[in-house]
Ligand SMILES: Nc1ncnc2c1ncn2[C@@H]1O[C@H](COP(=O)(O)OP(=O)(O)OP(=O)(O)O)[C@@H](O)[C@H]1O
Ligand SMILES: [Mg+2]
């Protein structure tokens, strides 16, 4: 379902060009549970942003469900992202003045889902992440782990096939980290495709496949049990 063919991302910084990623060639099938590891600056976020249609590659081909998305305009990419991908950021990126409920509802507003269906789905998602009793809290009125769980609920709002998470537990204590991992394992059991970046080898040990990046290239790619 995800196929990268010689994907690279370069940044022009005045006189120098930074080769942030690639060339990377990679296939990830539906339902895989993948951890991406690598040192700081190795291109993990760059790759996730391209996979999640948040950014476009400089070169190469990206097929998402057989659709070549590498040449899509930003508007078209945003539409694909809204339909297919749920993204969890390290820094949560929740809207500070919106409640937990409203934050989870937002992607469905963009997708023009009816009010009734939105209400049903938000309630269901808050239940899944165990935060039904925090619906009216704003992000500042939640713990770090709770905020991250709201971010996961929001990522699930449009029932995406693919969930991407960049350091989803980076800001969390070990107990909250374990709760997020639990959620991921449930989603994996439900057949979702999960790809997450982490520095935490223990967290990575729960994934079925490990991809290690080094200097923007795939250094290792293997499955584990
Ligand atoms: N917008 C940008 N402009 C220029 N260079 C960038 C930009 N974004 C990232 N880079 C460079 O590209 C390289 C890869 O960055 P990236 O953010 O993908 O690393 P990372 O593996 O996610 O690191 P970390 O573990 O620190 O988050 C780095 O050398 C970085 O300095
Ligand atoms: Mg990063």
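Bear in mind these aren't lab numbers, they're just calculated from the coordinates by the rules spelled out. Note that this is a predicted model, so its numbers are computed, not measured. Note that each Cβ is placed from the backbone with ideal geometry, even for glycine, and that neighbours are counted across all protein chains shown.
Brief remarks follow.
- Test: residue in the range 32-50 that is free of Cβ contacts under 8 Å to residues at least 60 places away in the same chain and more than 16 Å from ligand 2 (Cβ to nearest atom): no
- Candidate set: the range 160-190, residues that are within 21 Å of residue 142 (Cβ to Cβ) and in contact (Cβ under 8 Å) with a residue 60 or more places away in the chain; chosen: the one surrounded by the fewest Cβ atoms within 10 Å (Cβ to Cβ): 171
- Boolean, residue 4 is away from ligand 1 (no atom under 13 Å from the Cβ), under 20 Å from the mean Cα position of the chain (by Cα) and touching a residue at least 12 places away in the same chain (Cβ under 8 Å): yes
- Residues that are touching a helix residue (DSSP H, G or I) at 6+ places or on another chain (Cβ under 6 Å) and within 16 Å of ligand 2 (Cβ to nearest atom), drawn from the range 54-86: 55
- Answer from 157, 140 - the residue that is surrounded by fewer than 17 Cβ atoms within 10 Å (Cβ to Cβ), on the phi < 0 side of the Ramachandran plot and away from ligand 2 (no atom under 16 Å from the Cβ): 140
- Test: residue in the range 191-201 that is within 16 Å of the chain's Cα centre (by Cα) and loosely packed, with under 15 Cβ neighbours inside 10 Å: yes
- Test result for residue 80, more than 30 Å from residue 176 (Cα to Cα), surrounded by 12 or more Cβ atoms within 10 Å (Cβ to Cβ) and in contact with a strand residue (DSSP E or B) (Cβ under 7 Å, 6 or more places away or on another chain): yes
- Leading residue by the ranking (nearest to the chain's Cα centre (by Cα)) among those in the range 35-54 that are within 9 Å of ligand 1 (Cβ to nearest atom) and assigned to a loop (DSSP other than H, G, I, E, B): 43
- Test result for residue 216, surrounded by fewer than 19 Cβ atoms within 10 Å (Cβ to Cβ) and more than 17 Å from residue 154 (Cα to Cα): no
- Some residue of the range 122-138 being over 22 Å from residue 186 (Cα atoms) and in contact (Cβ under 8 Å) with a residue 40 or more places away in the chain: yes
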